[in-house]
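Chemist: One structure, pasted below without further comment.
What follows is calculated from the coordinates using simple rules that are stated; it is not laboratory data. Since the structure is predicted, the reported quantities are computational estimates derived from the model, not experimental observations. FYI the Cβ positions are ideal-geometry reconstructions off the backbone, even for glycines, and counts take in every protein chain you see.
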């Protein structure tokens, strides 16, 4: 794997959101699971939904692409519909919108706290004048960042809404990462993308970025196979020893 150079020598770091900055990947996984377990049972679709389906077909992908991918794995084709479809519509967009209701209800009920190690790492980068940005497939990125209290940290946020407005192809294409780099005026070959999903790692590698994979459950081997240069379990591992030690001591007080 690639050895990271001094982090302060990179022009910028682009972060995925769910599973990297906030534990909302868990919320997405729960929302998708609720949607497809109910939908498959209602329509007698087999095999039943499993966690493997989430990592293979849903994790990190734009909402409607994810629906199409999982349905396709069961040989099912539905009309695409329109993003304005009601969540009761039996269309790709209708199912995607139904999932978003599940996600929003969980977020509103339980809230979200960012990963402490991720916050500490972002703060260190900002202090060392490294550009930071968010690039996420989620159309809920702004609301999640706001709920987590970290939205003001990022001048550039390229999310699912921006991608739809600008016609950017979703992951595993590198478009949203390249657009974030363009808006930050940083070079992909001098910048890092931090991702936890296979589709995101594949996208970032295709864009020419150094890729840090964060293993939140998909597995180190899978992230490396997708193109990650380095795999870690928590972004605090990237902090200088003195910084990470003081952060841990501060968190315990």
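Chemist: What angle do you read, to the nearest 10 degrees and between 0 and 90, between the alpha-carbon axis of helix 175-184 and the longest principal axis of the chain?
Modeler: Roughly 40 degrees between the two axes.
Chemist: Between helix 241-252 and the chain, what is the angle of the helix's C-alpha long axis to the longest principal axis, kept within 0 to 90° and rounded to the nearest 10?
Modeler: 60 degrees
Chemist: Fewest to most neighbouring Cβ within 10 Å: what's the order for 64, 39, 80?
Modeler: Listed from fewest to most nearby Cβ atoms, that is 80, 39, 64.
Chemist: With each pseudo-label sitting 7 Å past Cα toward Cβ, what's the residue 143-residue 220 distance in nm, one decimal?
Modeler: 3.7 nm
Chemist: How big is the antiparallel share of DSSP beta bridges in the chain, given as a percent to the nearest 5?
Modeler: Antiparallel: roughly 0 percent of the beta bridges in the chain.
Chemist: Pull out a ≥ b ≥ c, the square roots of the eigenvalues of the alpha-carbon gyration tensor of segment 112-151, then state rounded if a/c is under 1.5, prolate if not and a/b is larger than b/c, and oblate in the remaining case.
Modeler: oblate
Chemist: Taking only the alpha-carbon positions of segment 81-182 and ignoring solvent, what does the Debye formula give for the base-10 log of I(q)/I(0) at q = 0.13 Å⁻¹?
Modeler: Log-scaled intensity ratios, in q order: -0.58.
Chemist: Before anything else, pin down the relative contact order of segment 26-110: Cα pairs under 8 Å, at least 6 apart, normalised by residue count, whole percent.
Modeler: 28 percent
Chemist: GNM on the chain, C-alpha springs below 10 Å: top fluctuator among 160, 44, 170?
Modeler: Top of the fluctuation ranking is 44.
Chemist: Take the alpha carbon atoms of segment 68-143, find their center, do the same for segment 18-55, and report the distance between the two centers in whole angstrom.
Modeler: Result: 13 Å between the Cα centres.
Chemist: When only C-alpha pairs under 8 Å and at least 6 residues apart count, what is the relative contact order of the chain, in percent?
Modeler: Taking the mean separation of contacting Cα pairs over the length of the chain, I get 23 percent.
Chemist: By how many degrees, between 0 and 90 and to the nearest 10, does the Cα long axis of helix 116-127 differ from the longest principal axis of the chain?
Modeler: The angle comes out near 50 degrees.
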